[in-house]
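Here's the structure, in structure tokens; my notes come after.
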Amino acid sequence: MGVYMGYSYLSLTQNGKYAKATVIRNDSSYSSDNGTSYKAVLRFTDQYGKTWEVKDNISYGNSPSFSIGTKIGVYYDPKDPNEFVIDDFWHNMGVATAFTAFGFVFIGFILLGSYFNKKGKNNSNLSLSSSKNNFYNEMYRAVFEYKMPNGDRNQIVSDVSSNSLLNKIPGTRITLLMSQKNPKNVKRPSRFMIIFGLIFLTPGIFIMNMALTRFEFNIFTILMVLAGVGFLSYKIWSFISKISVKEFKKGLSDFRKEGLEVASSYSRGGKGERVLDNSEIMARVKVQARNSMIASYVMFVMVLALAGGAYFTGLNMLNITRNGISTSGKVVDLKSRYSSSSGGSGGGYTYYAVVNYTDNNGRSIRFEDNVGSSNPTYKRGDKVQILYLPDNTQGAIIDRGLMNWGLSGGLAIGSLLLLLMAFQSMAVARRYGRARYRALM
């Protein structure tokens with residue numbers, strides 16, 4: 001599809017006729033998957049003096065791509081002027097390029113999946129020492145050896161397991177966090193857990209902000225809180241009532257003496273676990289170094305996609321905040337849309353506020369907010385602040401302050417964190433993928 005779109009555009013620019021056109025309106029359409037999208041309708045006069053009204057084949061979400069009254073060139077087929085393209089390279093080739101690029105990416109995923117699937121079938125006899133095995137179903141936990149404050153050496157198995165062996169190479173010196181009160185409790189610090197937490201932090205802040213700013217305190221919320229407290233109290237009492245008084249007093253006494261232990265670790269010898277020998281470790285390191293390099297390439301492609309999304313959404317928001325007009329509006333209605341892909345396997349509804357405001361020309365404008373939620377964020381009669389561009393009054397947004405940048409900021413942070421993970425994955429792959437390093441190990 002991407003190649004076809006690009007070929008059609010370039011063919012018309014080379015062989016078609018050129019004419020000046022005017023955008024006369026923007027037709028909108030809605031789908032449960034993509035929301036509201038807009039296509040520009042243009043009027044132009046062909047070489048024979050006949051006037052044509054044509055609709056662009058490329059649609060854009062959130063707001064129209066061209067304002068009404070915009071003058072722009074078009075290339076059209078003299079035999080059928082309904083076949084035309086707008087004289088804007090990236091308007092046409094941006095979508096074509098994205099489709100083509102992601103098409104090749106998906107083809108690459110299919111080929112990789114087919115390749116690894118064939119290797120898995122060809123190695124159905126899972127020899128633990130075979131370097132041809134992909135070892136996808138294995139999980140690994142490191143065994144740490146360290147010196148305690150009294151001088152004794154202790155070994156303990158990590159409480160965190162993963163399918164990666166590259167950060168658990170025996171002989172690697174690492175830093176451990178040790179409990180001061182119980183030196184046998186240790187934990188290995190992890191940067192990936194911080195990155196993982198930050199990925200969830202951005203949407204979490206957005207959801208919390210919406211919850212706090214739109215929270216209604218009434219008798220129903222009080223009853224809900226009391227019901228939650230009652231249920232939690234019941235579960236705690238059910239647990240405590242099963243413990244004898246003697247054991248409970250001993251546990252309470254130990255807690256007062258030692259406090260709450262943050263560090264923890266499993267004991268050795270879990271079910272199905274065994275210690276790997278050197279040849280088994282080397283076979284896994286070779287395979288995982290290759291897979292880590294492939295993963296880094298995939299993450300780089302995802303970084304480009306996220307960064308592109310952050311750039312375009314941020315550019316649009318920057319335009320409306322710099323050049324837009326701020327005014328007050330009123331929520332006059334709520335629209336609900338059903339989507340089979342939301343609300344779990346059974347689907348669910350998403351609610352959007354319909355807002356009315358008066359623009360700088362005194363016209364009454366009604367628009368639908370482009371941010372929806374599974375529970376109505378606003379109710380009829382709510383006063384809201386509006387931002388709109390003078391030449392695109394239908395593309396107005398509800399001014400949410402800093403949270404206007406939630407989408408572009410989230411995409412930017414996501415791309416940055418993913419970029420760090422990609423570099424980390426590539427560095428690990430380059431280090432352990434070298435035969436010289438494996439020989440040194």
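As a summary of the residue check, G433 satisfies the conditions (1) over 30 Å from P64 (Cα atoms); (2) modelled with pLDDT of 85 or more except for the one numbered (2).
Within the range 384-396, being within 14 Å of R366 (Cα to Cα) and surrounded by fewer than 15 Cβ atoms within 10 Å (Cβ to Cβ) holds for one residue alone: Q385. Within the range 216-267, if we keep just the residues that are acidic (D, E) and outside any helix (DSSP H, G or I), the residue that is modelled with the lowest pLDDT turns out to be E261.
May I ask you to verify whether I205 is more than 22 Å from S279 (Cβ to Cβ), exposed (fewer than 11 other Cβ atoms within 10 Å of the Cβ), at pLDDT below 85 and of a type in the set (V, I, T)? For I205, the condition - more than 22 Å from S279 (Cβ to Cβ), exposed (fewer than 11 other Cβ atoms within 10 Å of the Cβ), at pLDDT below 85 and of a type in the set (V, I, T) - is not met. Can you confirm whether the range 312-330 contains a residue that is assigned by TED's automatic domain parsing to the domain that holds E368, touching a Lys or Arg at 6+ places or on another chain (Cβ under 7 Å) and of a type in the set (S, T, Y)? Yes, the range 312-330 contains at least one residue that is assigned by TED's automatic domain parsing to the domain that holds E368, touching a Lys or Arg at 6+ places or on another chain (Cβ under 7 Å) and of a type in the set (S, T, Y).
Listed here are the residues, each with its yes/no results for (1) exposed (fewer than 12 other Cβ atoms within 10 Å of the Cβ); (2) modelled with pLDDT of 90 or more; (3) assigned by TED's automatic domain parsing to the domain that holds R284; (4) more than 16 Å from S292 (Cα to Cα).
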site	(1), (2), (3), (4)
G113	yes, no, no, no
S127	yes, no, no, yes
E145	yes, yes, yes, yes
R191	yes, no, yes, yes
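Within the range 147-171, being more than 26 Å from N137 (Cα to Cα) and in a loop (DSSP other than H, G, I, E, B) holds for M148, P149, N150, G151, D152.
Conditions tested, residue by residue: (1) out of contact with any strand residue (DSSP E or B) (no Cβ under 8 Å at 6 or more places or on another chain); (2) over 25 Å from V371 (Cβ atoms); (3) in a helix (DSSP H, G or I).
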residue	(1), (2), (3)
T13	no, yes, yes
S28	no, no, no
V41	no, yes, no
Y48	yes, yes, no
N57	no, yes, no
L112	yes, yes, yes
F116	yes, yes, yes
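Among the residues of the range 270-314, the one identified as within 17 Å of F116 (Cα to Cα), surrounded by 17 or more Cβ atoms within 10 Å (Cβ to Cβ) and charged (D, E, K, R) is R284.
The values are calculated or read from the model by the stated rules, or taken from the named source; none is laboratory data. No experiment lies behind these values; they were computed from the predicted model shown. Every residue, glycine among them, receives a Cβ derived from its backbone with ideal geometry; neighbour counts consider all protein chains shown.
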